[in-house]
1. Given H placed 1.01 Å from N in the peptide plane, which residues other than close sequence neighbours of Val34 have an amide H under 5 Å from its amide H?
2. Tell me the label-point distance for the pair Leu231, Lys168, using the 7 Å Cα-to-Cβ offset, in nm and rounded to one decimal.
3. Check Ala174: other-chain or 5+ apart residues with amide H under 5 Å from its amide H, H built from backbone geometry?
4. Using a cut-off of 25 Å between alpha-carbon atoms, which lysines can reach Lys236, once sequence neighbours fewer than 8 places away in the same chain are excluded?
5. With θ set to phi - 60° and the Karplus curve 6.51 cos²θ - 1.76 cosθ + 1.60, what are the ³J(HN,Hα) couplings of the stretch 139-155 in order, to the nearest whole Hz, using x for Gly and Pro?
Amino acid sequence: MPSLSGIQVEVSHGLLDLFSCDGKRIVVVMEAFVDESGTHRGAPIISVAAWAGAHWQWQKFLSHWDDKHFHAKEPKCAPLKHGLLQAIEFGELEGFTTWMQPDHYDANTANQFRSVMGNAYAICAYACALGVCKFAHNHKLGKVAFVIEAGQPNVAFVRQTLEHMMVKEHFGIASVAIAPKEEFVQLCTADFLAHSRTSDEKWFERLENTGRVSVAQIMPTALTKASDSLLQGLEKMRHQKIILKKQKKAVHSTNDPNAKGKAAQ
């Protein structure tokens, strides 16, 4: 019988189709740092971003960047963006961002879907993480170790779901951790890309023009398809539970002497 976590994984298969990553490099192990932007109420766009690379690539990045207090939305950090872009390019990192319009999420998914899969941030996070996984799988880069920025209400839920996917070898997830930016300076890269996608079109264009950023928009049709798929899975679970209950009742009746006596009378 399918489990709830199993249904979440099936929905994730659909989200994998959003990315068509076409990188050409071959590395051994990938590390991805994930952050989000646009999660506040009333935001027209929500975006989740990640930058990924082998350990040696992150070491190259860190040799050019060590500012743990960078926040893309803060005006005082604007002069630092050029240096951060240079560090990202020097590290030869690969960027990924997934985005949607939050009002599309509520309008095109059922209540049961949102209860199981989480909020719009969670869906963008799954899709972004799976974009990294698809890139790593397609180019034989090894498993992915994720570090997700702390603070978003659904972040623990996202980690739990990704951890469920770790048992599926084809996803290629090595580990999932949550950490604040102050502990992982690499998270600045994801903050930069996510914020640029939602709030700074000029900087997003510059990041995209590096040729190292994969972008996926989650359209209403994809949300409807994912919601319908999950509802079908839940209905299948409900039906199989009914069958299992009837089977147990039949076995109990067969083994119950009193029930046999009544049947004989």
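1. Placed amide hydrogens put Val147, Ile148, Glu149 under 5 Å from Val34.
2. About 2.2 nm separates the two model spin labels.
3. Val144, Ala145, Phe146
4. Lys236 reaches Lys168, Lys225, Lys245, Lys246, Lys248, Lys249.
5. Once θ is set to phi - 60°, the couplings for the stretch 139-155 become 10, 6, 9, x, 7, 10, 9, 9, 10, 10, 5, 6, x, 6, x, 9, 5 Hz.
Read the figures in this text as sums done on the coordinates, not as results from a lab. These numbers were taken from a predicted model, which means no experiment stands behind them. So basically every Cβ, Gly included, is an ideal-geometry build from the backbone, and we count neighbours across all protein chains shown.
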